[in-house]
Amino acid sequence: MVVAFFLLPMARLIVTGASGPSGIAAYAAILVEPRYRATLINTVVLATATTAAALVVSTIAALFLQRHRFPGRSLLIALLTFPLALPGVVIGFLIILLAGRQGLIGDVTAFAFGEKWVFAYSMQGLFLGYLYFSIPRVILTVMAAVEKLDPALEEAARTLGAQPWAVHRDVILPALMPAFIASGAIAFATAMGAFGTAFTLATNVNVLPMLIYTEFTLSANIAMAAALSVGLGLVTWAALALARSAGGTVAAAG
Amino acid sequence: MTEMRRPLGPIIRRPHVLRARLLFAAQLVFTLLLAAFLIVPAGLSMLAGVTENYFIGVRSGLTLRWLAQVWELYADTILRSFVIAIATLVVTIVIGLPAAYALHRRGDRVARLVEEIITLPLAIPGLAIALALLLSYGNFSDFRRSWLFILVGHVIFTLPFMVRSIMAVLAAVNINLLDEGAASLGASPWQRFRDVIVPNVKPGLLAGSLMVVTLSLGEFNLTWMLHTPLTKTLPVGLADSYASMRLEVASAYTLVFFIMIIPLLVAMQFMAGRGGLTGGRR
């Protein structure tokens, strides 16, 4: 079953990628041809920015949620992790409601600054959407890592006179590094391959999954679409292999 | 609050307490804002789905009109999504349960390789898997046109979650010992499977099932490539409505999706809270 419906098709995909007019060079074209390269760079920059932002905000929240017990804490955790299984298309639509023409941000900024901010269909909108689905994935992994931190190390640093900032920089953040690598790689892979969110929002922005889609459907350039998706698959696979070697287990669905 | 445990005198403790409180408040506000970023748009979309005219706002009145219109336009996609999700669940259990058991029993290098292959679709974007399926089976036109084509995609995408979820439980309960105990008491393989294995893997099976149904109901990346005009699923219809319908209809449609998916998400959270036996912390 798995062989017939997964392995064989994947092999076929790899072969097709090299079967176009330019043959195996189609794979090189991803890096050489300006249009493909620009899209690739765009996508990598966007995914990197998403990953960095998700790591920062999620770590602040995760540290806070694991160190304090207060009423409503578990509800807050539930709210922060609920988008984990939301499809990308829906997330795209939520960003439209937030930053589109009739969006909340537009209304608020129109009221506050007299100027309506509408950016759902731009790189910023895409970034916001990617951030939306990255936060739950990162928060779960980082929270689990914070829970396993040895409080004795932190206390030792404190009793030795380290300032809170120094404790964070020299003790806590290094100890969380494996979790950062694991969840960061997962967030990066998910952002690279995100199709649903891009499909709703990326009308003016070029990202790799959209390029594959348009090559396949509009230009009927099947060989190039196959080569591009093999390239994309390799990138996400490598990122997730990195995540796994750092102990991450949250899968990159969506 | 390690602050409280500091073995320091009361003289220098007071400013620390104040600072700790301020820090607590700042972090709480930050975390609440983050949660708001995730929840507010979802709330907005639900509200917009029952608002007469979203441009004017809630004061234009609430209505179920848009929901009725969604049902009229998209009922078939909603039903089809349910059918595909249930079929995906059945197939993933039928394949996944024996596969997980066999992989766990063997536990050697071959088993690990097979496990790698089964979980590989997690690491590859749905778009690439869909293209691969289209290139390989797109010419079998009857198959291509039926919803079974989508089912195949969904099974490939969700099977890893089922297998992992069951394997996590198998590893936790030391199933080999129980199994051997039953075998030494004379139980046949089928009896052991039915009376020892299945009851013991139930939590994993349940967690995996919730995940599979949730993912199948919301799957878009593969389905968008695999669908035909006659085999649209709910997320495909959603994408359609986002592109071509007025905001209220798109929101009402999204509301229907939320109504379907939220009980599943809550059940998953509940299961995770009771011991987290989901396939590797999802």
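Since every read-out is calculated from the coordinates, none of them should be taken as a lab result. Source: prediction; values computed, not measured. We place every Cβ from the backbone using ideal geometry, glycine too, and count neighbours over all the protein chains shown.
Quick rundown of the values:
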| quantity | calculated |
| --- | --- |
| Given charges at Cβ of Lys, Arg, Asp, Glu: segment B:65-273 dipole, positive-most of B:PRO229, B:ILE118, B:LEU247 | B:ILE118 |
| Cβ charges +1 (Lys, Arg) and -1 (Asp, Glu), total dipole of chain B, debye | 1140 |
| Number of partner chain Cβ atoms within 10 Å, mean per residue of B:23-29 | 3 |
| Shape call, segment A:102-203: gyration tensor on alpha carbons, a/c limit 1.5 | oblate |
| Inter-label distance, nm, simple model (7 Å from Cα along the C-beta direction), A:LYS116/A:PHE70 | 3.7 |
| Integer Hz, Karplus 6.51/-1.76/1.60 couplings in order for segment A:185-196, x for Gly and Pro | 5, 5, 4, 5, 4, 5, 5, 4, x, 5, 9, x |
| Highest average packing first - B:117-123, B:186-192, Cβ atoms within 10 Å | B:117-123, B:186-192 |
| Peptide-level mean, for A:191-200, of C-beta atoms on other protein chains within 10 Å | 5 |
| A:LEU176, A:LEU211 arranged by Cβ crowding within 10 Å, fewest neighbours leading | A:LEU176, A:LEU211 |
| Dipole axis of the protein assembly as shown (+1 Lys, Arg; -1 Asp, Glu on Cβ), positive-most option in B:PHE257, A:GLY114, B:LEU238 | A:GLY114 |
| Using distinct alpha-carbon pairs, which all enter the 1/r mean, Kirkwood radius of segment A:19-147 in Å | 17.3 |
| Whole-number D in µm² s⁻¹ for the protein assembly as shown, Kirkwood Cα-pair radius fed into Stokes-Einstein, 20 °C, 1.002 mPa s | 86 |
| Span-rule helices in chain B, defined as complete DSSP H runs reaching 20 Å or more along the axis (Cα) with Kyte mean at least -0.5 | B:13-49, B:65-106, B:148-173, B:198-218, B:247-273 |
| By average C-beta atoms within 10 angstrom, highest first, the peptides B:88-97, B:219-228 | B:219-228, B:88-97 |
| Cβ-based charge dipole, segment A:15-142, positive-most Cα from A:THR59, A:GLN102, A:ILE41 | A:THR59 |
| Average beta carbon contacts from partner chains per residue of A:90-101, 10 Å cutoff | 6 |
| Degrees, to the nearest 10: A:222-245 long Cα axis against longest axis of chain A | 20 |
| Segment B:65-273: C-alpha gyration tensor shape, a/c 1.5 cut-off, then a/b vs b/c | prolate |
| Potential extension, B:LEU113-B:PHE24 segment - 0.36 nm per residue separation minus Cα distance | 27.3 nm |
| The protein assembly as shown, helix-only ellipticity at 222 nm - DSSP H runs n ≥ 4, -39,500 (n - 2.57), divided by all residues, nearest 500 | -24500 deg cm²/dmol |
| Degrees separating the helix A:123-148 axis from the principal Cα axis of chain A, which is the longest one | 50 |
| Tensor-based shape of segment A:26-245 (alpha-carbon gyration tensor, a/c under 1.5 rounded, otherwise prolate or oblate) | oblate |
